[in-house]
Amino acid sequence: MLIYKKYRFLFLLPLFACSTSKKLTTTKILTVAPSVVASKNTINSIAIDYADTHIEPIKTIPKTIDYKNDYTENLFQDFKSNKYNLEETSHELASLENISAKLNYGTSDPDTIQNPLDISNCKLPEMMTRGDVGIGFPRIANRMKSLGNLTINIVFVDFSDAVSTMTPQEVYSILTPYAEDYFKTVSYGKLNIQFKPNFKWNRMSKPSSEYGWNNLTFHLHKEYIQEAINLADADIDFSNSDAFIIIANPDAIELKNGPAFTAYPGAGIKVDGKEFLSSATSGHDLKFWGGLWFNHEFGHEMSLVDLYAYQGSEHRFVGEYSIMGLISCTGQDLFGWEKWILGWLNDDQVICANSGISTALITPIETAGGTKLFTMPISNTAAIVVESRRAIGYDKKLPKTGPLVYIVDTNIPSGTGTIKILPFDETDTNKLESPMVVGQVIYYMNYSIKFISTDIKGDLIEIKRIDFN
Ligand SMILES: [Zn+2]
């Protein structure tokens, strides 16, 4: 028996009654008027109350039928035309006039979540496996803010052995406006980055080959950044800055990559009376990655982990999803879980299911508003997560769309599989076939995830725990 947690909107509709037969066992269809349906977003549940006057003329015996158990296919068969048909085949109806239907509307109420859990149960704890980055709750406090306006100064540096042949403006054009636009879009407008470039090459004191990039340590990286900041300090007032990045001459091949810098309080970069605990420095690969280099590294500055594998087959965990995996991936939008940890999804956009059978409609992750994540905790540090991916926005190149199912485990450190797409197949390194098709069921441990139906608004998903006795 399913338990209805909330009734946001409740309507009583008369049946299409054209018969008063005494005893009916044939199929009857209830059609909900399109005008009623069109005024609301989604029907979360429908229940029919039977006034069984045939048996007891005086006494009313209401029976409630949950369409999601018995009528799912019939309910959605006319979804696109906003006609909702319910077939009734299993009950004897004494008088159709005495039957009414309750329609429960809403866009995000998890009305068929059995014994729903408080959202705190799905906020997997941050296990501090690395200390500087992680995707558990609460988000690591030392990292960069992820909401609102953020001013980022840009310092350009070159070297005696790698004198830039490009202007700073030319290098800056690799980043902008792509880098700012990306975060504005994928955060649903919640993160607004403004670059403040200082168009001047600052000549570093040592040749590029002497900054230790082949075996870069925290201290070598910090020395490099501190020197660049000290050079730029004459021209830039960092006291009003939220962050800065160091852009090296991209032709300096000794700086082969562009890592993020993350420090504990007391060990950060100090300038103009402030200490900065997060930054990023570009390298030669800026030319290869383009503007998304910044977005990946700034993801780390905000605490996101690497989703590719540091060892072994590099993209076996998440394939071509999220720029925190492969920067140049096909599904460039972030995972909904990443958006949740950054505060771009609110708690009320996430459903936390308990054991039993739960059904929810999730809306595409690329668009703002509505329920985005369907989660079920499976251990103290792990959860099954389902989100809907569509070929729109930064995901526009996705060849296959639909629900994407993955496991988040906050006890698994960065670069070793904190997120894994299901069904997990190590030989599949792009995962582009992973979105489910209608009717498909994915089994993981003793859980099943079923894709029930889809329409332009979202995907209807059922999660069930299978008990083996
Ligand atoms: Zn990374």
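The values are calculated or read from the model by the stated rules, or taken from the named source; none is laboratory data. Not measured: the values here are computed from a predicted model. Virtual Cβ from ideal backbone geometry, glycine too; neighbours counted across all protein chains shown.
For segment 436-454, what are the residues that are in contact (Cβ under 8 Å) with a residue 40 or more places away in the chain and either of a type in the set (Gly, Ala, Ser) or in contact with a Leu (Cβ under 8 Å, 6 or more places away or on another chain) (or both)?
Residues satisfying the conditions are 444, 449, 451, 452, 453, 454.
Pull up segment 285-313, narrow it to residues that are more than 23 Å from residue 128 (Cα to Cα) and within 13 Å of the ligand (Cβ to nearest atom), then point me to the one that is surrounded by the most Cβ atoms within 10 Å (Cβ to Cβ).
294
Counting only residues that are assigned to a strand (DSSP E or B) and not small (Gly, Ala, Ser), which one in segment 248-264 is farthest from residue 228 (Cα to Cα)?
Residue satisfying both the conditions and the ranking: 262.
Could you check segment 130-185 and list, in sequence order, the residues that are of a type in the set (Ser, Thr, Tyr), within 22 Å of residue 254 (Cβ to Cβ) and either outside any loop (DSSP other than H, G, I, E, B) or at pLDDT below 95 (or both)?
Listed by number, the list holds a single entry, 172.
So which pairs qualify, if the first residue must be in segment 290-312 and in contact (Cβ under 8 Å) with a residue 12 or more places away in the chain, the second must be outside any loop (DSSP other than H, G, I, E, B) and within 11 Å of the ligand (Cβ to nearest atom), the Cβ gap must be under 6 Å, and the two must be at least 6 apart or on different chains?
Listed pairs, sorted by first residue: 297/260; 297/280; 300/260; 301/260.
Among 108, 120, 95, which is the only one that is closer than 20 Å to residue 370 by Cβ and modelled with pLDDT under 95?
When all the criteria are applied, what remains is 108.
Can you confirm whether segment 226-248 contains a residue that is among the aromatic types (Phe, Trp, Tyr), surrounded by 16 or more Cβ atoms within 10 Å (Cβ to Cβ), within 13 Å of the ligand (Cβ to nearest atom) and under 29 Å from residue 148 (Cα atoms)?
Among the residues of segment 226-248, not one is among the aromatic types (Phe, Trp, Tyr), surrounded by 16 or more Cβ atoms within 10 Å (Cβ to Cβ), within 13 Å of the ligand (Cβ to nearest atom) and under 29 Å from residue 148 (Cα atoms), which makes the answer no.
Given the condition over 16 Å from the mean Cα position of the chain (by Cα), under 21 Å from residue 119 (Cα atoms), assigned by TED's automatic domain parsing to the domain that holds residue 327 and surrounded by 15 or more Cβ atoms within 10 Å (Cβ to Cβ), answer yes or no: does some residue in segment 419-430 qualify?
no
Specify the residue that is surrounded by the fewest Cβ atoms within 10 Å (Cβ to Cβ); the eligible residues are those in segment 326-341 that are within 10 Å of the chain's Cα centre (by Cα) and either aliphatic (A, V, I, L, M) or not assigned by TED's automatic domain parsing to the domain that holds residue 374 (or both).
Among residues in segment 326-341 that are within 10 Å of the chain's Cα centre (by Cα) and either aliphatic (A, V, I, L, M) or not assigned by TED's automatic domain parsing to the domain that holds residue 374 (or both), the one surrounded by the fewest Cβ atoms within 10 Å (Cβ to Cβ) is 334.
Only one residue in 364, 399 is touching a strand residue (DSSP E or B) at 6+ places or on another chain (Cβ under 8 Å) and more than 16 Å from the ligand (Cβ to nearest atom), so which one is that?
Of the residues listed, the single one that is touching a strand residue (DSSP E or B) at 6+ places or on another chain (Cβ under 8 Å) and more than 16 Å from the ligand (Cβ to nearest atom) is 364.
Could you say which residue among 235, 285 is assigned by TED's automatic domain parsing to the domain that holds residue 175, acidic (Asp, Glu), closer than 27 Å to residue 170 by Cα and touching a strand residue (DSSP E or B) at 6+ places or on another chain (Cβ under 6 Å)?
Result of the check over 235, 285: 235.
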